[in-house]
Amino acid sequence: MSFVQLTSLRTVLNSSFRNVLQLNIPSLNAGFQVRERHTKHWDPKFKKLRRLKVQKVKLPNFQEETDGTKMTPDQMRARMKEQGLLPPRSWMERPLIISATGGTFEPYVPPEGDGKLSALSLGGAKQSLELLSKKSKSTLAVRKIRSFDDDFSPKEFPEEAQKIYINAHKALAEKDYDTLHQCATELSFPLMTQDLRSCTVRWQFLKSFEPPRVVHVRCTDVINKENVFAQVTVRFNTQQTLAVYDRFGRLIYGSEVVAKDVLEYVVFEKHMANIYGTWRIHEKIIPDWMPQREPGKKTFIQPKEVETVPATDSVVPATPSDKSAAVA
């Protein structure tokens with residue numbers, strides 16, 4: 001056999017052997033070298049299932065101490081670290097978010113006869129003098145608010161407060177609680193909705209007799225000096241209509257036709273330390289000299305009369321015996 005024949009035979013054998021390896025080891029077709037064990041299956045399709053065939057189960061050790069009172073602190077710490085448990089605490093922490101205060105601090109005291117006395121009369125002149133004497137604290141509070149909000153103005157705020165006031169009462173009448181949450185604080189929301197869950201409200205804002213004005217401004221801090229809350233009391237003298245219907249559609253308060261004059265002192269609050277804080281209705285101040293409102297007529301379901309069937313006597317009268325007859 002010549003040298004040329006031996007070379008061609010060697011080339012044929014190498015190519016056939018390489019084809020056999022490529023069929024059995026697919027990583028050779030990728031063009032890069034991969035180290036593979038001969039005991040590993042070439043198709044990793046069911047690799048996870050093959051691994052899960054055998055699972056390690058941690059058996060309990062019945063000889064170890066389980067009573068925590070008999071264990072040393074080091075043993076207890078090692079045991080809890082092994083089990084991934086946190087050490088117990090003698091007190092429980094609860095997340096607390098203070099987005100509104102629990103009341104009105106330094107509430108405004110409305111002068112008696114407000115809205116009825118003229119500014120030219122003696123009582124009206126006294127009221128104006130009292131407002132000037134109480135204006136110093138409000139001025140300091142306005143400066144405190146402007147340190148957080150540069151655009152705050154006591155002259156422009158009443159217009160914004162009136163919009164919040166109207167939107168809140170419209171949302172209350174329509175039972176739009178999402179909008180009402182944006183216009184009322186967590187203190188006033190339950191007070192506004194607790195008696196109207198089973199009622200229908202028809203409310204309408206007609207006009208303002210006087211432009212709303214700011215009569216009282218106060219600021220306070222909670223927990224630390226940087227957590228500041230501001231409260232602004234706005235006086236509204238408006239004309240409105242209000243009608244409340246019960247769950248049966250009967251009118252229990254007010255009227256949709258008769259308009260009433262309403263004098264209100266509404267407190268608006270804002271969390272000044274919160275960048276995204278907004279002005280919301282916090283409370284209404286009702287002075288002692290203001291006449292009480294008429295209570296609403298409550299209605300109830302009339303209970304159905306239950307027909308009572310007279311009970312029949314099912315006992316058979318006893319027949320008189322001979323002895324009883326003889327005695328008779």
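Which pairs do you get when a residue that is at pLDDT 90 or above, found in the stretch 228-252, comes within reach of a residue that is assigned to a loop (DSSP other than H, G, I, E, B) and aliphatic (A, V, I, L, M), reach meaning Cβ atoms under 6 angstrom, with the pair 6+ apart or on two chains?
Here the result reads VAL228/MET272; VAL228/ALA273; ALA230/MET272, each pair linking the stretch 228-252 to a residue that is assigned to a loop (DSSP other than H, G, I, E, B) and aliphatic (A, V, I, L, M).
Being under 20 Å from GLN194 (Cα atoms), aromatic (Phe, Trp, Tyr) and in contact with a strand residue (DSSP E or B) (Cβ under 6 Å, 6 or more places away or on another chain) is the filter here; which residues of the stretch 235-267 pass it? Let's see the steps before the verdict.
Residues of the stretch 235-267 under 20 Å from GLN194 (Cα atoms): 242-254, 266-267.
Remaining after also requiring aromatic (Phe, Trp, Tyr): 245, 248, 253.
Result: TYR245, TYR253.
I need the full set of residues from the stretch 166-182 which are outside any loop (DSSP other than H, G, I, E, B) and out of contact with any strand residue (DSSP E or B) (no Cβ under 6 Å at 6 or more places or on another chain), in order please. Quick ask: steps written out before the conclusion?
Initial filter on the stretch 166-182 (outside any loop (DSSP other than H, G, I, E, B)): 166-174, 177-182.
Result: ASN167, LYS170, ALA171, LEU172, GLU174, TYR177, ASP178, THR179, LEU180, HIS181, GLN182.
Across the stretch 184-213, what is the number of residues that are surrounded by 19 or more Cβ atoms within 10 Å (Cβ to Cβ) and over 22 Å from the mean Cα position of the chain (by Cα)?
1
Scan the stretch 178-212 for residues that are over 14 Å from ILE281 (Cα atoms) and not acidic (Asp, Glu) and report the count.
Of the residues in the stretch 178-212, the ones over 14 Å from ILE281 (Cα atoms) are 178, 194-212.
Restricting the remaining residues to those that are not acidic (Asp, Glu) gives 194, 196-209, 211-212.
Final tally of qualifying residues: 17.
Condition first: basic (Lys, Arg) and in a loop (DSSP other than H, G, I, E, B). Now tell me which residues in the stretch 229-273 satisfy that.
The initial filter retains those residues of the stretch 229-273 that are basic (Lys, Arg), namely 235, 247, 250, 260, 270.
Those that are basic (Lys, Arg) and in a loop (DSSP other than H, G, I, E, B): ARG247, ARG250.
Anything in the stretch 67-99 that is among the basic types (Lys, Arg) and surrounded by 10 or more Cβ atoms within 10 Å (Cβ to Cβ)? List them, or say none. Lay out the reasoning, then the answer.
First, pick out the residues of the stretch 67-99 that are among the basic types (Lys, Arg): 70, 77, 79, 81, 89, 94.
Correct list: ARG77, ARG79, LYS81.
Only residues in the stretch 98-112 that are in a loop (DSSP other than H, G, I, E, B) and of a type in the set (A, V, I, L, M) count as the first member; pair them with residues that are at pLDDT below 90 and surrounded by 13 or more Cβ atoms within 10 Å (Cβ to Cβ), Cβ under 7 angstrom, at least 6 apart or cross-chain, and list the lot.
Correct list of pairs: ILE98/VAL222.
Only one of these is in the same structural domain as TYR265 (by TED's automatic domain parsing) and either at pLDDT below 90 or among the small types (Gly, Ala, Ser) (or both): ALA173, ALA125, ALA119, ALA100. Name it.
Values: ALA125 fails: in the same structural domain as TYR265 (by TED's automatic domain parsing); ALA119 fails: in the same structural domain as TYR265 (by TED's automatic domain parsing); ALA100 fails: in the same structural domain as TYR265 (by TED's automatic domain parsing).
Sole residue among the options that is in the same structural domain as TYR265 (by TED's automatic domain parsing) and either at pLDDT below 90 or among the small types (Gly, Ala, Ser) (or both): ALA173.
The values are calculated or read from the model by the stated rules, or taken from the named source; none is laboratory data. All values reported here derive from a predicted model rather than from experimental measurement. Note that each Cβ is placed from the backbone with ideal geometry, even for glycine, and that neighbours are counted across all protein chains shown.
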